[in-house]
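Worksheet for the structure shown next.
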Amino acid sequence: MSCMAEKSSGKPRLLSGGNPQIPKGDGEKPVRAFIDAMPGWKHEVGQRLDDLIVRTVPGPGLRKAVRWNSPFYGVEGNGWFLSFHCFARYVKVTWLNGTSLDPLPPGESKHPHVRYLDIHEDEELDEELVASWLRQAADLPGDDLF
């Protein structure tokens, strides 16, 4: 699809692996645009993650933003604790303070505090475990990336 077609269709451009290209922004609107543009089965994963985050980290302190073509979640005054990104075969959830979570998310990182959870198509999401990580991550000091 050419840039002209993308602009006329109003749909965000999909980058490598199907990750939506969404302009930098704060709040619900850019995160909603990102999730709405996630292709195929990844859209449902993004929606489930967002719903779970909102249910698990309620209140006015929850922050959302899009940076570097990924949605970020944090707690006001406590930094950012999570982001996710589409790849060709999975959605990668990045726990910015992941090495402090118990149990550790399975994916290692070269960054000292980061851990990953890769969600593949037709893979059952353990919402109880993810909610436990969300509660822990939201209570820990997050990352002030921006």
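Just so you know, all these numbers are worked out from the coordinates, no wet-lab data involved. What you see is a predicted model; the values in this text were computed from it and never measured. Because the Cβ atoms are built from the backbone with ideal geometry, glycine has one as well, and the counts that use them run over all protein chains shown.
Residues considered: ASP50, ASP122, ASP36. Largest GNM mean-square fluctuation over the chain, using C-alpha springs under 10 Å, is found at ASP122.
The C-alpha atoms of segment 21-100 occupy a region whose extents along the principal axes are 34, 28, 23 Å, arranged from largest to smallest. This ranking places PHE87, PHE34, PHE72, PHE81 by how few other beta-carbon atoms lie within 10 Å of each, fewest first, which gives PHE87, PHE72, PHE34, PHE81. Each Lys and Arg contributes +1 and each Asp and Glu -1, all at the Cβ; summed about the Cα centre of the chain, the dipole is approximately 740 debye. GNM on the chain, alpha-carbon springs under 10 angstrom: the most fluctuating residue among SER83, SER100, SER16 is SER16. Could you work out the relative contact order of segment 61-146, using alpha carbon pairs under 8 angstrom and six or more residues apart, expressed as a whole percent? After rounding, I find 27 percent.
For the chain, the relative contact order comes to 20 percent (Cα pairs under 8 Å, sequence separation of at least 6).
Our Cα-only numbers for the chain put the radius of gyration and Dmax at 14.9, 48 Å.
With a Förster radius of 35 Å applied to the C-beta separation of ASP102 and ARG13, the computed FRET efficiency comes to 0.35. Sparsely packed loop sites in segment 67-125 (the trypsin sites (Lys or Arg not before Pro) outside DSSP H, G, I, E and B with at most 13 other Cβ atoms within 10 Å) comprise ARG89, LYS110.
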